[in-house]
Amino acid sequence: MRPGVRVGVDVGSVRVGVARSDPHGILATPVTTLARANAAEPVAADADLAALVALVRSEEVLEVIVGLPRSLSGTEGSSAVAARQYAAVLARGVAPVAVRLIDERLTTVDAHRALRESGVPGRRSRRVVDQVAAVLILQAALDEERSSGRPPGELVVQKRRKPRQGRERR
């Protein structure tokens, strides 16, 4: 198992749940829930991403694990596309820290169930369900790495931009 703190991220359309591991990569714990930036509010644009980048920098994180919401059949819909886009932007912001995508089928359902079973009422659970989902995503990644000996999931690869070709003057 590689030593180092990992950050887990559950990307939703309204909120982003964040979890972190201990420095040994054994246990995931909740950190915070961030409000997603709203395109109608340009002042808040990318505030959630900026907060995540700041967290990654302050914690000296080894890697970031982002949940990839696939359907039960394994296909990727609009939520998965949005998670991939979010992970790509995050990867640019935290480079050279690696960002990985891990299958997160049903983690939000499991998070709601865990909160209900622990006695957290429905209204209060909305505030923390994204954090719990992030914990489940991160814990699954930690467990996968511990059992396989390899980093979990799919690495988000930075796409390099082609240099602009200048026009020759005549």
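The table below lists the values:
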| quantity | calculated |
| --- | --- |
| Selection count where residues are part of a loop (DSSP other than H, G, I, E, B), modelled with pLDDT of 95 or more and under 22 Å from residue 92 (Cβ atoms), scope the range 6-56 | 0 |
| Selection count where residues are surrounded by fewer than 18 Cβ atoms within 10 Å (Cβ to Cβ) and more than 21 Å from residue 14 (Cβ to Cβ), scope the range 55-72 | 5 |
| Residues of the range 71-104 that turn out to be farther than 24 Å from residue 4 by Cβ and more than 14 Å from the chain's Cα centre (by Cα), as a count | 8 |
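The values are calculated or read from the model by the stated rules, or taken from the named source; none is laboratory data. These numbers come from a predicted model, not from an experiment. All Cβ positions, even for glycine, are placed from backbone atoms using ideal geometry, and neighbour counts span all protein chains on display.
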